[in-house]
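The values are calculated or read from the model by the stated rules, or taken from the named source; none is laboratory data. From a predicted model like this one, the values you see are computed outputs, not experimental measurements. Every residue, glycine among them, receives a Cβ derived from its backbone with ideal geometry; neighbour counts consider all protein chains shown. What goes into the accessible areas is simple: the full protein's heavy atoms, side chains included, and nothing from ligands, DNA or RNA. Shrake-Rupley method; radii C 1.70, N 1.55, O 1.52, S 1.80 Å.
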Amino acid sequence: MFKQSMKRMTAITLGVVTASVFFSCSNDSLMERDSNENSLASLAKVSSRASLAPIEMNSWMSGLQDNISISKISIPGTHDSGARVDAPVVSGTAKTQDLSIAEQLNAGVRFLDIRCRHIDNAFTIHHGAIYQNMNFDDVLNACYAFLNSHPSETIIMSVKEEYDASNTTRSFEQTFDSYVQKNPSKWDLGANIPTLGAVRGKIKLLRRFSSGTTKGINASPWADNTTFDINNSGVQLKVQDYYKVTNNDDKWNGISSLLNEAKNDTNGKLFVNFTSGYKPGIFGIPNIPTVSNNINPRLKTFFQSNTHGSFGIMPIDFVNAELSQLIVNTNF
């Protein structure tokens, strides 16, 4: 009898607690509430959270306030986002991703590193000399479709010229402009680091090519194989892009140093922290998985311990949904 009474008392207590939580939330918020989020303390982690809605990876930015700067968001990204085709003879030298662009976006990725070869006044997607069996239109169509379905999101897109131009009669910039002109409402080409609200439903350009006019966040003075600052008028960036990795410990030190700097920054600087790289093998032949297979587990461990903070943009090789979600979760 005593045990039965205790069970009834426990059930009544739990019912009261459940009811109080229920009536303190709106119906909409409650229906959307993440069933896994059972700690009320976690709901108060950040003031930038817009509601108690669950964090779905295809629309996680919907949980952030409009007035947060994109420089204060932890953003999973991909390095050489379109590179899913390896070199024909030596594996591990060109492929950097398993997921398609659409799959990356649905997994929470919001930074794309797009490498375009300028050929016949159009852009094809390359990693070095290796054509990736897709064109810039394919990338943009995937992005536009995603943004149309998820208007709360933004995509920060780095665009860089890759490999040798061929049979062109205009500049890389002019060809880029021709793509934007097909769907200008989907682009934000301002030079500033915007708030999230200003770029929801749009692609924000991070420009790594020369331009005769103001066009996106200017990252064209890109240093090679190092960590560096870019200081534009009113816009500061810091980039870690140590990609020729002779020692994975050195690479990790560079990554973790910038993660900590981003977390502690109070100046609104935009951090882009490439976790990617390759290790030179025999005859200098690059091997990409030798780096990602070592670094990605370290990233996972880091974000299992560092569960809250603003860690900047992280372009990753062979990103997966689990790692992407760990990074996203730090925003909440």
Can you list residues from other chains, or at least 5 along the same chain, whose modelled amide H is less than 5 Å from the amide H of His127? Gln132
In the range 244-332, how many lysine pairs have Cα atoms under 24 Å apart, counting only pairs 8 or more places apart or on different chains? 8
A student applying the Cα gyration tensor rule (rounded when a/c is under 1.5; otherwise prolate if a/b is larger than b/c, oblate if not) would label the range 148-237 oblate
When the solvent-accessible surface of protein heavy atoms is calculated with a 1.4 angstrom probe, in what order do His308, His118, His79 fall, highest first? His308, His79, His118
Take the solvent-accessible surface of the protein heavy atoms, probe 1.4 Å, and return the percent of it on the range 260-330 that carbon and sulfur atoms account for. 49
Accessible-area value, Thr214, 1.4 Å probe, nucleic acids and ligands omitted, Å²: 110
Would you report the distance distribution of C-alpha pairs in the range 54-121 as whole percents per 5 angstrom bin, up to the bin with the largest distance? 3, 15, 19, 18, 17, 12, 8, 6, 3, 1
Quick calc, the range 192-271, dipole around Cα centre from Cβ unit charges on Lys, Arg (+) and Asp, Glu (-), nearest 20 debye, gives 520
Using the Karplus equation 6.51 cos²θ - 1.76 cosθ + 1.60 (θ = phi - 60°), what ³J(HN,Hα) coupling, rounded to whole Hz, does each residue of the range 317-332 give in order, writing x for Gly and Pro? 8, 6, 5, 9, 5, 5, 5, 4, 5, 4, 5, 4, 4, 5, 6, 10
Rolling a 1.4 Å sphere over the protein heavy atoms, what is the accessible area per residue of the range 223-332, to the nearest Å²? 42
Carbon and sulfur atoms: what percent of the 1.4 Å accessible area of the range 60-144 do they account for? 48
Roughly how many Å² is the accessible area per residue of the range 111-158, as a whole number, for a 1.4 Å probe? 31
Computed over the range 170-302, the distribution of all Cα-Cα distances in 5 Å bins, rounded to whole %, is 2, 9, 16, 16, 16, 16, 13, 9, 3, 0
Give me the net charge of Ala142's neighbourhood, meaning all other residues with Cβ under 14 Å from the Cβ of Ala142; Lys, Arg count +1, Asp, Glu -1. -1
Note down the relative contact order for the range 142-233 as a percent, whole number, built from C-alpha pairs under 8 angstrom at least six residues apart. 32
Heads up, I need the accessible area for Ser100: 1.4 angstrom probe, whole protein in place, Å², nearest 10. 30
For the range 115-219, what is the charge dipole size about the Cα centre, in debye to the nearest 20, if Lys and Arg each add +1 at the Cβ and Asp and Glu each add -1 at the Cβ? 300
Along the charge dipole of the range 216-332, Cβ charges K/R +1 and D/E -1, which of Ser233, Asn287, Val272 sits furthest on the positive end? Asn287
Residue order for Ser210, Ser276 - accessible surface, 1.4 angstrom probe, largest first: Ser210, Ser276
Take His150, His126 and sort them by solvent-accessible surface of the protein heavy atoms, 1.4 Å probe, largest at the top. His150, His126
For the range 260-283 and the range 84-104, distance of Cα centres in Å: 21
